[in-house]
Amino acid sequence: MLHPNSIEFFLLIIAAMFCGLAIRFALSYAKQTWAMTYHHTMSYALLPVVTMIVTVLITGNIALSLGMIGALSIVRFRNPVKNPFELVIFFALITIGIAFATNFILGLTLTVVIILLIVIAKMYEDISKKKGKNLFSLSFEEGSTINVMEIKSSLPIQLLDESKHLSQSFSTKNPISFNYRLICSDKDEINNLKKSIEQIKDIESIELRYAP
């Protein structure tokens, strides 16, 4: 697969892109809301494709490989990951791209394994909750000592604007949305706040991350 013809190469690009998107939608099924943004969706679609093309370009050419490494070394990623699992997913997407450039069967196999693990873990968690047990803690930023709640709404919410727990708020024009970030050290207090706003019809999403 290192030197496919044009049709094969195009099909590999499409397959790599769909593998990345399949992992993204598996995370969505598992209620991993951090993966449901536009930026994550596009990253999951493009990262395997970009990695695959880079691998094909530098394969068998030492001079080009060194030049590419030098060029890529200037890239700096300043956006911190939310948790170790997110970092593992990015590494998996890069590995899928490399696999598609060398042996696409391995890339497909890795994608299937990742999706199965995500889905099985989610199903097992749901079964555990029905039995009154919590297999996993709710999503949180490791090392955080506070509880964080992020709300996205189609209209401004006065209750949140006036809340003493409001840490950050901003709005976007296209599409129109109002975003709030609230922090609180008391778990019960932030849970009560969540209950008081979750019935507001203008709210599009609520993400709550508990401190460990």
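Quick look at the numbers
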| read-out | value |
| --- | --- |
| Total residues in the stretch 11-50, condition modelled with pLDDT of 90 or more and either part of a loop (DSSP other than H, G, I, E, B) or outside the structural domain of Asn103 (by TED's automatic domain parsing) (or both) | 0 |
| Residue satisfying condition, being basic (Lys, Arg) and loosely packed, with under 12 Cβ neighbours inside 10 Å, within set Lys201, Lys194 | Lys201 |
| Condition met for Ile190 (under 16 Å from Thr37 (Cα atoms) and either at pLDDT below 90 or within 25 Å of the chain's Cα centre (by Cα) (or both)) | no |
| Ile115 vs. criteria assigned to a helix (DSSP H, G or I), surrounded by fewer than 12 Cβ atoms within 10 Å (Cβ to Cβ) and either modelled with pLDDT under 90 or in contact with a helix residue (DSSP H, G or I) (Cβ under 8 Å, 6 or more places away or on another chain) (or both) | no |
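The values are calculated or read from the model by the stated rules, or taken from the named source; none is laboratory data. Nothing here was measured: the structure is a model prediction, and the numbers come from that model. Note: ideal-geometry Cβ built from the backbone for every residue, glycine included; neighbour counts use all protein chains shown.
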